[in-house]
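The structure appears below as structure tokens.
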Amino acid sequence: MRARLRSAGLEDIHEKLEAGVRLDLDDGRRLFEGSDLLAVGWLANRERERRHGPRTFYNCNIRLEATNVCVASCLFCAFARLKPGDEGAYTMSLEEVWDKLRRRANQPLTEIHVVNGLHPDLPFDYYTDMLRGFKRIRPSIHLKCFTAVEIAFLADLFTMTDEQVLRELMAAGLDSLPGGGAEIFAERVRKKIAHDKCGSDRYLDIHRIAHRLGMRTNVTMLYGHIETAEERVDHMLRARALQDETGGFQAFIPLAFHPDNNQMRKLPPPSAAETLRVHAVSRLMCDNIDHVKAFWIATGIEVAQTALWFGADDLDGTVQEEKIYHMAGARTPESMTTREIERLIRRAGREPIERDTFYNVVRGVSDTSLTPV
Ligand code: SF4
């Protein structure tokens with residue numbers, strides 16, 4: 001492999017990795033711009049196997065989007081509707097939201113993942129009551145709810161600080177934050193594709209506060225639209241810098257841009273090769289974040305399987321009710337059973353491990369399947 005790394009111009013990066021020296025912006029840019037994808041994948045796979053061996057994590061979860069009414073106008077978003085009453089707009093009642101969990105009483109769910117549009121009219125109680133209701137129905141369920149963008153929006157809407165919002169939601173049962181809303185931290189891109197929601201510094205600061213309050217969170221990166229290689233690496237380095245400070249991120253999650261039904265529909269979606277490279281470079285740059293997730297809904301199942309050899313060690317979970325990607329043209333199924341996820345991990349030559357939100361092992365080998373509802 002040394003000869004191949006040399007001819008790919010990556011020998012010095014390999015040496016840095018072997019010596020435990022951190023990669024910098026220029027290294028990251030070269031990992032994106034070199035032609036030998038397999039050499040980059042080989043480096044990332046070594047880092048992945050050093051941490052996790054063949055182990056590949058997934059969880060038994062459900063995603064809910066309680067409303068798609070959103071005052072923001074992100075160019076890549078096919079999910080949001082500006083006002084209640086607009087075609088395709090919906091807002092679930094709390095009974096409808098809770099019913100999604102009640103109807104799954106037979107499923108061994110460990111996590112509910114909730115993200116919403118930025119609805120201008122819902123009262124703050126809608127969110128706290130939602131959390132309390134979930135815990136009433138199933139006290140052991142982990143509530144990973146509301147992106148940093150939602151937290152910032154609620155703080156502004158109800159004239160609270162970001163910390164007050166987080167504290168109130170935690171008192172109602174919030175256990176952790178998902179990583180959505182990061183998009184690309186570089187201001188040039190953010191101004192163009194997501195100009196009217198919270199900025200990068202505030203996104204990171206909300207995660208900083210959440211970590212200080214004792215919550216773990218994830219961080220995402222939306223790739224494959226107008227961002228440059230350097231802006232991707234800059235994004236990874238900003239996440240890495242916060243992780244140095246707090247240690248609160250559990251997973252880095254690259255999210256593929258999907259072009260259907262949104263204002264950027266003239267752009268092509270990222271290729272499989274690009275997706276694999278993004279996961280590999282994420283593994284190499286984010287050296288202090290334990291997990292890199294290939295979100296199978298966004299990458300497609302086959303690419304997610306391949307990404308398990310390009311730095312990724314986590315596939316997210318059973319998901320079940322995903323709307324955001326499917327409204328943007330995702331052709332993946334809306335859910336998988338635990339048996340299906342385990343089978344595809346094994347067929348990729350990896351070892352499936354069911355985890356909870358904190359990556360505690362729930363089960364190494366499954367012999368039961370989730371019954372879809
Ligand atoms: S990405 Fe989020 S904040 Fe942006 S328009 Fe869509 S729902 Fe609203």
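The values are calculated or read from the model by the stated rules, or taken from the named source; none is laboratory data. Computed from a predicted model, the values in this text were never measured in an experiment. Virtual Cβ from ideal backbone geometry, glycine too; neighbours counted across all protein chains shown. For the accessible areas, the whole protein counts, side chains as well, though only heavy atoms, and no ligand, DNA or RNA atoms are used. Shrake-Rupley method; radii C 1.70, N 1.55, O 1.52, S 1.80 Å.
Listing for the model above:
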read-out	value
In the range 91-102, the residues that are part of a loop (DSSP other than H, G, I, E, B) and open to solvent by 50 Å² or more (accessible area, probe 1.4 Å)	SER93
Subset of the range 336-354 [out of contact with any Lys or Arg (no Cβ under 8 Å at 6 or more places or on another chain) and over 14 Å from ALA312 (Cβ atoms)]	MET336, THR337, THR338, ARG339, GLU340, GLU342, ARG343, ARG346, ARG347
Residue within the range 60-81 that is free of Cβ contacts under 8 Å to residues at least 40 places away in the same chain and either more than 29 Å from LEU284 (Cα to Cα) or over 22 Å from the mean Cα position of the chain (by Cα) (or both) present	yes
Test: residue in the range 35-45 that is open to solvent by 10 Å² or more (accessible area, probe 1.4 Å) and touching a residue at least 60 places away in the same chain (Cβ under 8 Å)	yes
Residue within the range 166-179 that is touching a residue at least 24 places away in the same chain (Cβ under 8 Å), part of a loop (DSSP other than H, G, I, E, B), out of contact with any strand residue (DSSP E or B) (no Cβ under 7 Å at 6 or more places or on another chain) and surrounded by 15 or more Cβ atoms within 10 Å (Cβ to Cβ) present	yes
From the options ALA78, ALA72, residue that is surrounded by 19 or more Cβ atoms within 10 Å (Cβ to Cβ) and within 13 Å of the ligand (Cβ to nearest atom)	ALA78
Set ARG232, ARG212, ARG240, ARG190: member being open to solvent by 10 Å² or more (accessible area, probe 1.4 Å), within 23 Å of TYR359 (Cβ to Cβ) and within 18 Å of the chain's Cα centre (by Cα)	ARG240
Of all residues making up the range 197-213, the number that are touching a residue at least 40 places away in the same chain (Cβ under 8 Å), assigned to a helix (DSSP H, G or I) and within 16 Å of the ligand (Cβ to nearest atom)	3
Test result for LEU174, aliphatic (A, V, I, L, M) and away from the ligand (no atom under 16 Å from the Cβ)	yes
Any hit, the range 318-327, residues being over 19 Å from ALA348 (Cα atoms), within 16 Å of the ligand (Cβ to nearest atom) and among the hydrophobic types (A, V, I, L, M, F, W, C)	yes
In the range 103-114, residue farthest from the ligand (Cβ to nearest atom) [restricted to those that are under 19 Å from the mean Cα position of the chain (by Cα) and open to solvent by less than 20 Å² (accessible area, probe 1.4 Å)]	LEU109
The range 146-164 - residue that is more than 16 Å from the ligand (Cβ to nearest atom) and without any contact (Cβ under 8 Å) to a residue 40 or more places away in the chain and, of those, most open to solvent (accessible area, probe 1.4 Å)	THR159
Where a residue in the range 214-234 is on the phi > 0 side of the Ramachandran plot and its partner, wherever it lies, is buried (at least 21 other Cβ atoms within 10 Å of the Cβ), with Cβ under 8 Å and at least six apart	GLY224/ALA256; GLY224/PHE257; GLY224/PRO270; GLY224/THR275; GLY224/VAL278
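Here's the yes/no breakdown for (1) more than 27 Å from GLU33 (Cα to Cα); (2) among the aliphatic types (A, V, I, L, M):
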{"residue": "GLY181", "(1), (2)": "no, no"}
{"residue": "SER200", "(1), (2)": "no, no"}
{"residue": "ALA210", "(1), (2)": "yes, yes"}
{"residue": "VAL219", "(1), (2)": "no, yes"}
